[in-house]
Each structure stands twice: as structure tokens, then as C-alpha cells.
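Each remark here refers to the structure printed beneath this line.
Quick note: the coordinates plus some simple rules give every number you see, no bench work behind them. A quick note: this is a predicted structure, and the numbers were derived from the prediction, not measured. Backbone-built Cβ (ideal geometry, glycine too); neighbour counts: all protein chains shown.
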Amino acid sequence: MSEVQLTAPTPEERAIDHQLLASIFISLSAAGLEVFIGYIVAHWITVTGNKAYGWIVSVVCFLLVVTGGLLAFNASRKLGEDDDTLPLHGRRVFMARLSLLVTAFCTLVVLAGTTVLLTVRPND
């Protein structure tokens with residue numbers, strides 16, 4: 001009977017894992033910032049009638065989401081296609097796809113926050 005031998009991940013595999021976790025964290029942070037800071041800035045927009053701070057929040061959050069998306073895309077490109085014979089590689093491919101999905105969802109959240117700036121006038 002053959003024994004299972006555990007191997008430590010290589011530095012490249014660790015770098016990909018860190019890249020994927022950073023991608024998810026950055027994307028979710030951008031969506032959270034858009035919701036919470038955007039809500040805080042909405043009061044300021046109503047009081048002053050100036051949407052500049054709302055646009056700044058939206059642009060910063062959008063740049064964060066793009067950064068998270070680029071990290072996820074770069075990691076998925078390094079991994080290539082899924083291979084059923086390598087279970088650890090399959091886990092990384094799953095994480096890369098999950099990262100891209102989370103980034104897409106967070107992009108929709110940021111775009112929704114930006115749409116509010118386009119459609120609502122101060123004091124509405």
C-alpha cells in the first residue's frame with residue numbers, strides 16, 4: 001500500500017496563494033469603502049451640493065477593484081487550466097475563479113454607488 005507524502009508548497013505557490021487572498025481582500029475592501037464611506041459622503045453632498053467627494057470615493061474604490069481584478073487575473077493566468085491529477089493546483093484554480101467572481105461582484109457594487117451620483121441631485 002502506498003503512503004501519502006505531504007510536500008510543502010514552493011515559494012511560487014505561496015506567492016500565488018498570497019496574491020489570491022490579497023485580491024479577495026482588496027476587492028471586498030473596495031466594496032465596503034464604497035458603501036460605508038459613500039453613505040457618509042452622501043450627507044456632505046446633500047449639505048454642500050458639491051459631488052466632488054463622492055466622485056473621489058468612487059474613483060478610489062474603482063481603482064482598488066481594478067487592482068484586485070488584475071491580481072486575480074494574473075494569478076489565474078499563471079495557473080493555467082485545471083488539472084484533476086493535481087489536487088492542490090485545483091484548489092488554486094478554484095481560488096482564482098472565486099477571486100474573479102468576487103471582483104466582478106464588487107465592481108457591480110462600486111458601479112451602483114457611482115450610478116447614484118449620476119442620477120440623484122443634491123437635496124432630492
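Multiply the residue separation of Ser29 and Val120 by 0.36 nm, subtract the distance between their alpha-carbon atoms, and state the gained length in nm to one decimal. So the chain would gain 30.3 nm between Ser29 and Val120.
Dipole orientation for the range 29-119: of the candidates Ala75, His43, Thr115, His43 has the Cα lying most toward the positive pole (charges on Cβ; Lys, Arg +1; Asp, Glu -1). Relative to the Cα centre, the charge distribution of the chain, modelled as +1 at Lys and Arg Cβ and -1 at Asp and Glu Cβ, gives a dipole magnitude of about 520 debye. Taken over the range 29-119, the convex hull of the Cα atoms encloses 74 Å³ per residue. Going by neighbour counts of Cβ atoms within 10 Å, the residues Lys51, Lys78 line up, fewest first, as Lys78, Lys51. Estimated from the Cβ-Cβ distance and a Förster radius of 22 angstrom, the FRET efficiency linking Thr10 and Leu101 is about 0.25.
For a paramagnetic label modelled on Ala22 (point 7 Å from Cα along Cα→Cβ), amide N atoms under 17 Å away belong, within the range 90-109, to 96, 99-100, 103.
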